[in-house]
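Computed from the coordinates by the stated procedures, all read-outs in this text should not be read as laboratory data. Since this is a predicted model, take the numbers as computed values, not measurements. Quick reminder, even Gly has a Cβ in these numbers, built from the backbone with ideal geometry, and neighbours come from all protein chains shown.
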Protein chains: 2
Amino acid sequence: MTHYSELDTPAVLIDLDRAESNLKKAQDAANKAGIALRPHIKTHKLPFFAKKQVELGAVGITVQKLGEAEVMANAGLTDLLLTFNIIGAAKRARLKSLHERVTIRTVADSADCVAGLGETFTDPDRPLGVFVECDTGMGRCGVQTPVAALDLARQISATPGLVFAGLMTYPAAGKYQAAAQWLADAKLIFLEAEVEVPAITTGGTPDIWHMDEAAFAATEYRPGTYIYMDRSQVAAGAARFEDCALTVLATVVSRPTEDRAIIDAGSKALTSDLLGLVGHGHVIEFPEAKVTGLSEEHGTLDVSACATKPNIGDLVRIIPNHCCPVTNLFDQVHLIRGDVLVETMAVAARGRVS
Amino acid sequence: MTHYSELDTPAVLIDLDRAESNLKKAQDAANKAGIALRPHIKTHKLPFFAKKQVELGAVGITVQKLGEAEVMANAGLTDLLLTFNIIGAAKRARLKSLHERVTIRTVADSADCVAGLGETFTDPDRPLGVFVECDTGMGRCGVQTPVAALDLARQISATPGLVFAGLMTYPAAGKYQAAAQWLADAKLIFLEAEVEVPAITTGGTPDIWHMDEAAFAATEYRPGTYIYMDRSQVAAGAARFEDCALTVLATVVSRPTEDRAIIDAGSKALTSDLLGLVGHGHVIEFPEAKVTGLSEEHGTLDVSACATKPNIGDLVRIIPNHCCPVTNLFDQVHLIRGDVLVETMAVAARGRVS
């Protein structure tokens, strides 16, 4: 039996009890709300957890990149939604190759994107399902109005090798009601135009415990971070620190002053993501400590408020601001049960940038 | 011949002419200043460039992690400085294994660190060289005063398997004069105590063109970023955009509004590092564009100030705020000469977190 404290640092620990509890709690909430769950694998990047999510009742998975889709399809996942506008012949060829062996659907928010897909997908007997991506307040991708969504849906339907799959949005955190209203408006416009909307898919861990309200306008929910949770989700009220399954194990390597401790986890372990927060993580063993700065390999802690202060050589576990990019920095994660190592697992879809 | 535009995006391009010019210019400046150059490989993480740096006249290389040292030693680099406090028996065993086959020295800023090294390194006939790390204003690791540096140097010298190698600092950007003064004060204190200081090593690309002034107190300079340069170095006055050798090639995947363009490079390609800057990079083809936001896979551009606006499918090259962590996100980089691909190279020391 290996205790996690025997691992070299920095290292990513995944608390299996917490991750499994988070997965089950969300699936139960989705079941109760009557909404399908399609978890986003960008957080864990592991076929192991993707399969667990499906076993628990997820209708399929969400991926953000073709490379992630390829890893998951190779591992046996069979129902994928790629929520990224696929542009260019090379990427479309990869998508086609996937479409020939698994159920994969994608999104589009422009006539250009749809036209490109229509060049590559030409078989009306095996059409590609395409959702219209809608900007319901996030200010990222997506058509700007329900009328524009209808126009694009019609273009998809008019393309022989494509089929209109429905509406897709990633709502701004905390703005689920505005997003639901946008989608409800769109449903009405599609109804009046007599264009069927097969599915409406939304998402976001920050508002995951409002899935019942999202279900008012949507048929499917795509949370990602909920499996591990993180400091930003605690700040958003979606989790407690005790729910956070991913921690970065680090060693105190320097105590240059009474109030300063330096750990061997910097931005290459915790990322620079702030997500509107102050500080770069929550230190479990020294909750009063503030992670005031990160350089690539060093984290700087202000320990002035700590009653007991860390010593050189002490191990600490940090709950990062944002767990998803952390798993993209490590080749492997360590699954633990309690304090005991269960398995060290390669992060299969790490670095699948394209 | 492959034009870079044929590459899948996002991708990291390295302009060889620029990188080689940056390397030569810095080596020439070091030669003129009479200071040894020991480049930090954390920026490129490639034995290919480490060897080129040594060929041009570098006395050796700097690494930040044992994993980087192992990659570089395996690739044939023979003189390494590990500028990180090595804590714990497991890491010391790895250091010892390296010490048995290459010249490697390290740093310490505490009695604990020195005592630990002394437990592992016990052979007076092959002692480990240890620099005292000094906090000359950075506020990270390092002893706080020249007197504390002297005390630690004496502890090192009193340990049979260790030898005092000199003083090491990473100065705060723009504070090279204060750092030089700190080191000059320390030299005087060591002189009065009749303790020889074999070497004084400092660094930092932001102040690289003041190496002649650094040479007033130091014998060695350890720049990293200078090989590629980036937007933060342009902001610091250390480079022009035309010197930046590393760019992230991205595709415009969405134009949801007149003023907004979305590219397929987000924080997983450009990192969230701001380094005090506003915005997340410089877009070469659309210099008036502002990279206003990054999510993991999407970059949001405000193109309102652009006379000609990007179209879906356009390729853009982004000079990131901070090039070093970018090479840690990609499994490979593409070396180009002009617009032509020369070689695609695995980032050998990527992800060597420990």
Notebook entry, point to check: Based on Cβ point charges of +1 for Lys and Arg and -1 for Asp and Glu, what charge dipole magnitude is obtained for the range A:122-162 about its Cα centre, in debye rounded to the nearest 20?
Noted result: 60
Checklist line | For residue A:336, net neighbour charge (Lys/Arg +1, Asp/Glu -1) across residues whose Cβ lies under 13 Å away | finding: -3
Next item on the list: Give me the net charge of residue B:246's neighbourhood, meaning all other residues with Cβ under 11 Å from the Cβ of residue B:246; Lys, Arg count +1, Asp, Glu -1.
Entry: 0
Check: What relative contact order, as a whole-number percentage, does chain A give when Cα pairs under 8 Å and 6 or more residues apart are counted?
Finding: 21
Margin query: Show me, for the range A:131-147, the HN-Hα J-couplings you get by feeding each phi into the Karplus relation (A = 6.51, B = -1.76, C = 1.60, θ = phi - 60°), rounded to Hz, glycine and proline as x.
Written below: 8, 8, 7, 10, 8, 9, x, 6, x, 10, 7, x, 5, 8, 9, x, 5
Next item on the list: Mind giving me the FRET efficiency for residue B:115 and residue B:187? R0 is 30 Å, r the Cβ-Cβ distance, nearest 0.05 is fine.
Entry: 0.70
Checklist line | Shortest-first distances to equivalent copies, position residue B:304, nm, label 7 Å out along Cβ | finding: 3.9
Note to self: Just want the ordering: A:122, A:247, from fewest to most Cβ atoms lying within 10 Å of their own Cβ.
What the structure shows: A:122, A:247
Margin query: If I take R0 = 35 Å and measure r between the Cβ atoms of residue B:79 and residue B:8 in this structure, what FRET efficiency does the formula 1/(1 + (r/R0)^6) give, to the nearest 0.05?
Written below: 0.40
Next item on the list: Per residue of the range B:207-219, in order, report the coupling 6.51 cos²θ - 1.76 cosθ + 1.60 (Karplus, θ = phi - 60°) as ³J(HN,Hα) in whole Hz, putting x for Gly and Pro.
Entry: 10, 4, 7, 10, 4, 4, 6, 4, 5, 4, 10, 10, 10
Next item on the list: Quick one: among A:340, A:71, A:326, which has the greatest mean-square fluctuation in a GNM of chain A with alpha-carbon springs under 10 angstrom?
Entry: A:340
Notebook entry, point to check: For the range A:141-200, how big is Rg over Rh, using alpha carbon atoms and the Kirkwood form of Rh?
Noted result: 0.98
Item checked: Proxy reagent accessibility, fewest Cβ within 10 Å first, across A:131, A:241 -> A:241, A:131
Checklist line | Kirkwood hydrodynamic radius of the range A:6-57, from inverse mean 1/r over distinct Cα pairs, in Å | finding: 12.4
Next item on the list: Compute the FRET efficiency between residue A:259 and residue A:337 as 1/(1 + (r/R0)^6), taking r as their Cβ-Cβ distance and R0 = 35 Å, and round to the nearest 0.05.
Entry: 0.45
Item checked: Packing-based exposure ordering (other Cβ within 10 Å, fewest first) of B:2, B:201 -> B:2, B:201
Next item on the list: Evaluate Rg over Rh across chain B, taking Cα atoms for both radii and Kirkwood's formula for Rh.
Entry: 1.02
Checklist line | Residues with amide H under 5 Å from that of residue B:342, placed H, sequence gap 5 or more | finding: B:335, B:336, B:337
Checklist line | Linear extension gain, residue A:21 paired with residue A:305, 0.36 nm per residue minus alpha-carbon span | finding: 99.0 nm
Margin query: List the residues, sorted by chain then number, that are 5 or more residues from residue A:136 or on another chain and whose placed amide H is less than 5 Å from its amide H.
Written below: A:170
Notebook entry, point to check: Which Cα, out of B:84, B:97, B:74, lies furthest along the positive dipole direction of the range B:55-114 (beta carbon charges, K/R +1, D/E -1)?
Noted result: B:97
Next item on the list: Please report, in whole Å, how far the alpha carbons of the range B:34-227 spread along each principal axis, starting with the longest.
Entry: 38, 38, 26
Next item on the list: At q = 0.14, 0.15, 0.18, 0.19 Å⁻¹, what is the base-10 log of I(q)/I(0) for the range B:175-241 according to the Debye formula with one equal point scatterer per Cα and no solvent? Please give it to two decimals.
Entry: -0.47, -0.52, -0.67, -0.72
Next item on the list: Would you mind telling me which residue in B:110, B:267, B:304 has the biggest mean-square fluctuation in a Gaussian network model of chain B, where springs connect alpha carbons within a distance under 10 angstrom?
Entry: B:304
Check: When the Kirkwood radius is taken over all Cα pairs of the protein assembly as shown, what Stokes-Einstein diffusion coefficient follows at 25 °C and 0.890 mPa s, in µm²/s?
Finding: 92
Next item on the list: Note down the net charge around residue A:300, summing +1 for each Lys or Arg and -1 for each Asp or Glu among other residues with Cβ under 13 Å from its Cβ.
Entry: -2
Margin query: I'd like the Karplus ³J(HN,Hα) series for the range B:197-204: coefficients 6.51, -1.76, 1.60, θ = phi - 60°, whole numbers in Hz, and an x wherever there's a Gly or Pro.
Written below: 10, x, 7, 10, 10, 10, x, x
Notebook entry, point to check: Under unit Cβ charges (Lys, Arg +1; Asp, Glu -1), what dipole magnitude, rounded to 20 debye, does the range B:34-227 have relative to its Cα centre?
Noted result: 780
Item checked: Distant-in-sequence amide H partners of residue B:257 (H built 1.01 Å from N, under 5 Å) -> none
